[in-house]
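The values are calculated or read from the model by the stated rules, or taken from the named source; none is laboratory data. Please read these numbers as outputs of a predicted model, since none were measured by experiment. Note: ideal-geometry Cβ built from the backbone for every residue, glycine included; neighbour counts use all protein chains shown. The protein model used for the area step is the full one, side chains on, heavy atoms only, and it has no ligands, DNA or RNA in it. Shrake-Rupley method; radii C 1.70, N 1.55, O 1.52, S 1.80 Å.
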Amino acid sequence: MKLRELAHSRTGDKGDISNISVIAYDPADYPLLEQYVTPERVKEHFAGIVHGKVVRYALPALGALNFVMERALGGGVTRSLALDAHGKCLSSALLALDIPELDGRRSAITAAETGRP
Amino acid sequence: MQTLRIGSGAGYSGDRIEPALELAEKGEIQYLVFECLAERTIALAQQAKLKDPTKGYDPLLGDRMEAVLRTCRDKGIKIITNMGAANPMSGAAKIAEIAQSLGIDGLKIAAVTGDDVLESLRGADLPIIETGGPVSALVGVVSANAYLGAAPIVDALKNGADVVITGRAADPALFLAPLIYEFDWSMDDWERLGKGTVVGHLLECAGQITGGYFADPGIKDVSNLARLGFPIAEVRADGSAVITKVEGSGGKVTAQTCKEQLLYEIHDPGRYLTPDVVADFSSVSISEIGPDRVLIEGGGGRPRTDTLKVSVGYVEGYTGEGQISYAGPGAAARGRLALEIVRERLKLTGVRTSELRFDLIGVDAIHGSALSASNGEPYEVRVRVAGRTDSIKEATRIGNEVETLYTNGPAGGGGATKSVREIVAVASVLLPRSAASPQIHYLGA
């Protein structure tokens, strides 16, 4: 399944640094995020876009991870030639990350559709 | 005072205006804050001020004040804003003029200056945070503004200001200042300053916490975004707060919207640097306590640092750009052919660029080909070529080479556009606190 089924995400920017949050819909899924959304996988996912290091901050109480990616915005929002100079669309791209299907675990979206809180 | 109600009337310079009026009329707020300065905004405002010394404040200052000033005056709502941009004094004069035209008497307006540190920076050998190089090596510097903290705004409120207008101030400081003033927090009560900074951070992007920048149909639905309500924080003296919005307005306030905004561009959640405090967001807890009511607790802070961040704006050449569309069967192939033609033309005609970019919008323009793999052929594509140059003349030639595809390129190219703009880039340095000396000026209306 895609990360999009487990988590939501928002991108922010400062200079040439992009900041992407990944937040579990269901806090019970947080360990999956911790296990499969590693800085190494994020860096690999954004190969060709992110040229610097990727640092991950963990916020287990919020069921969230926060990624800080350096040299990610074409030299900086104010000088980038990119169509999306702020990198606002990066969060949606990260949600396309593949997460292994696990036995017995329904995705948060399916759960929401069936009315589970 | 049990709780203080603060409304956020703008999340950026060009933001919607009527949600702020809705907050003033129906939000039962005591403060209305407008945060309107992005990283580069002040450099652009400085250029406007160089052309006309009476300008350089936010272009929408007049419209916003005309919309809310009467209601705020009638209800005793105080206004705090960084819409002074590069010229808080002229911004204050503009507000006084509007007050007069609305027949408002006895309004006390405070302008905070001292964030402009261009003179202190000249000849200084400070390293640029982003590149490590010396700031003295930057050519074409147009502005240097330090992020001021809450202190001068607190002083203005103590002196009875109804409206406080600043230039560069840390975004959360605009919200922290009324908390410090109303709850009589000490300027070294790091725990509360940290909690107040959390509240300020949650509010500073306005609609981004009430359902804006959030909707994803089918997964994250948000109703009535055309009538999005802006946020209100009900803050208690201990620094905890409930985030809510005007009843009946569009959007929603949920734990999810609050979590996304809490982590928005903060980098290390345990160490969010502001001029007032090193705030800790990592211990914040977020819980829904009612419809569109979310309780924010926890968070804290440690002593502030000895330096202030300074944004240095400088002119770094020009960007030239051209676009043209192709549609129907074979659109993508014609688009790719168009890009190849322009690439060759720019070489053949010797256009001097330091960086070039060739995009096929609708195919792989945003994230490149690796992430954009798709099965279907798009019905339409838009060709985009952008480049960085040293002169306007060279930049103009880029768009021209796209436009000439009309009669020289692939079949059926339409809707060509071209543009040239000056690049105002921003670098950051850290300056000792003593180099910036905030001042407050009062105007009456």
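Brief remarks on what is shown
- For the stretch B:180-260, the solvent-accessible area of protein heavy atoms averages 33 Å² per residue (probe radius 1.4 Å; ligands and nucleic acids excluded).
- Under 9 Å, Cβ to Cβ, from B:Ser90 - net charge with Lys/Arg +1 and Asp/Glu -1: +3
- Under a Gaussian network description of chain B, with springs only between Cα atoms under 10 Å, the residue in B:Leu348, B:Leu262, B:Leu126 that fluctuates furthest is B:Leu348.
- Between B:Ala411 and B:Glu340, the simple spin-label model (points 7 angstrom out along Cα→Cβ) gives 1.7 nm.
- Residues of the stretch B:272-365: accessible area per residue with a 1.4 Å probe, Å²: 44 Å²
- Fluctuation leader among B:Asp115, B:Asp184, B:Asp364 - chain B, Gaussian network, Cα springs under 10 angstrom: B:Asp364
- Diffusion coefficient, µm² s⁻¹, Stokes-Einstein with Kirkwood Rh over alpha-carbon pairs of the stretch A:3-113 at 4 °C and 1.567 mPa s: 90 µm²/s
- Anisotropy class of chain B from Cα gyration tensor, a/c 1.5 cut: prolate
- Of all accessible heavy-atom area on the protein assembly as shown, the percent that carbon and sulfur account for (1.4 Å): 50 percent
- Seen against the Cα atoms of chain B and their longest principal axis, helix B:190-203 is set at about 50 degrees.
- Close amide-amide hydrogen proximity is noted between B:Ile232 and B:Thr244, B:Lys245, each under 5 Å apart and 5 or more residues distant or on a separate chain (H modeled in the peptide plane; Pro and chain starts excluded).
- Net charge contributed by nearby residues that have their C-beta within less than 13 Å of B:Gly362 (K/R +1, D/E -1): 0
- Annotation: amide H of B:Leu148 within the under-5 Å range of B:Ala169, B:Ala170, sequence separation 5 or more or interchain, hydrogens built in the peptide plane.
- Helix B:88-101 vs. chain B, principal-axis angle (Cα, 0 to 90°, nearest 10): 70 degrees
- Length gained on full extension, B:Thr54 to B:Thr307: 88.0 nm, using 0.36 nm per residue less the C-alpha separation.
- What the Cα convex hull of the protein assembly as shown gives, in volume per residue, is 159 Å³.
- Placing +1 on each Lys and Arg Cβ and -1 on each Asp and Glu Cβ, with no other charges, gives the stretch A:3-113 a dipole about its Cα centre of roughly 460 debye.
- In terms of its Cα atoms, the stretch B:126-202 spans 45, 27, 22 Å along the principal axes, sorted from long to short.
- Of B:Asp238, B:Asp171, B:Asp268, the one that fluctuates the most in a GNM where chain B has Cα springs shorter than 10 Å: B:Asp268
- Of B:Gln208, B:Pro275, B:Leu228, farthest towards positive along the dipole that unit charges on Lys, Arg, Asp, Glu beta carbons give the stretch B:198-298: B:Leu228
- Think of chain B as a dipole: +1 on every Lys or Arg Cβ, -1 on every Asp or Glu Cβ, centred on the Cα centre; then among B:Pro134, B:Tyr318, B:Ala338, B:Ala338 lies furthest on the positive end.
- Highest mean packing comes first when the peptides B:155-164, B:378-387, B:402-411 are listed by Cβ atoms within 10 Å, giving B:378-387, B:155-164, B:402-411.
- Farthest toward the positive end of the dipole of chain B, out of B:Ser354, B:Asn375, B:Ala111, is the Cα of B:Ser354, where the dipole comes from beta carbon charges about the Cα centre.
- The calculated FRET efficiency for A:Asp98 paired with A:Glu70, based on their beta-carbon distance and R0 = 35 Å, is about 0.90.
- Test item: Cα-centred dipole of the stretch B:312-428, Lys/Arg +1 and Asp/Glu -1 on Cβ, debye: 180 debye
- Nearest 10 degrees, 0 to 90: helix B:331-348 Cα axis against chain B principal axis: 80 degrees
- Inter-label distance for B:Ser136 and A:Val55, nm, one decimal - labels placed 7 Å from Cα along Cα-to-Cβ: 2.9 nm
- Base-10 log of normalised Debye intensity for the stretch B:271-333 (one unit scatterer per alpha-carbon) at q = 0.13, 0.24, 0.29 Å⁻¹: -0.70, -1.06, -1.11
- The B-A contact accounts for roughly 3800 square angstrom of buried accessible surface, both chains included, probe 1.4 angstrom.
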